[in-house]
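Data block below; observations after.
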Amino acid sequence: GGEQQMLAIGRALLTNPRLLVLDEATEGLAPAVRREIWQCIRALKATGIAILLVDPHLGRLLELTDTNVIIENGRSVWQGSSAELADRPELQRRYLAV
């Protein structure tokens, strides 16, 4: 589980990307392993690599992200900061099933 995710992230980093896309990188992992992945993502963010993150764990996303985009049916329906999204529970309920 987590080791495979870390390996996949490491392999992607070997290409020296400007953008790293992580689609549900923590899905199905044990909480302790999930925390390790989040720490890895936090460290990557500190390097300046742009990261596109898709994950169902909104609380963690809000801790890590600068800009959030909500996409519905392939179209952007909202964009803003983590603080803005945290202060908009109606958006969270409507689009994120929180």
What is the one condition in (1) closer than 27 Å to residue 87 by Cβ; (2) surrounded by 13 or more Cβ atoms within 10 Å (Cβ to Cβ) that residue 13 does not satisfy? (1)
Being in contact with a Ser or Thr (Cβ under 6 Å, 6 or more places away or on another chain) and closer than 16 Å to residue 81 by Cα is the filter here, so list the residues in the range 35-67 that pass it. 62, 65
In this structure, does residue 81 turn out to be in contact with a strand residue (DSSP E or B) (Cβ under 7 Å, 6 or more places away or on another chain), loosely packed, with under 11 Cβ neighbours inside 10 Å and over 23 Å from residue 17 (Cα atoms)? no
Being closer than 23 Å to residue 96 by Cβ, out of contact with any strand residue (DSSP E or B) (no Cβ under 9 Å at 6 or more places or on another chain) and crowded, with 17+ Cβ neighbours inside 10 Å is the filter here, so list the residues in the range 30-56 that pass it. 34, 38
Does at least one position in the range 57-74 carry a residue that is modelled with pLDDT under 95, assigned to a strand (DSSP E or B), loosely packed, with under 15 Cβ neighbours inside 10 Å and within 10 Å of the chain's Cα centre (by Cα)? no
Quick one: in the range 88-98, which of the residues that are charged (D, E, K, R) and surrounded by 12 or more Cβ atoms within 10 Å (Cβ to Cβ) is nearest to residue 28 (Cα to Cα)? 94
Those residues of the range 1-10 that are assigned to a helix (DSSP H, G or I) and exposed (fewer than 15 other Cβ atoms within 10 Å of the Cβ) come to a total of 5
Given (1) out of contact with any helix residue (DSSP H, G or I) (no Cβ under 7 Å at 6 or more places or on another chain); (2) in contact (Cβ under 8 Å) with a residue 12 or more places away in the chain; (3) among the basic types (Lys, Arg), identify the lone condition not met by residue 60. (1)
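The values are calculated or read from the model by the stated rules, or taken from the named source; none is laboratory data. These numbers come from a predicted model, not from an experiment. Neighbour counts are summed over all protein chains in view; Cβ atoms, including those assigned to glycine, are modelled from backbone coordinates with ideal geometry.
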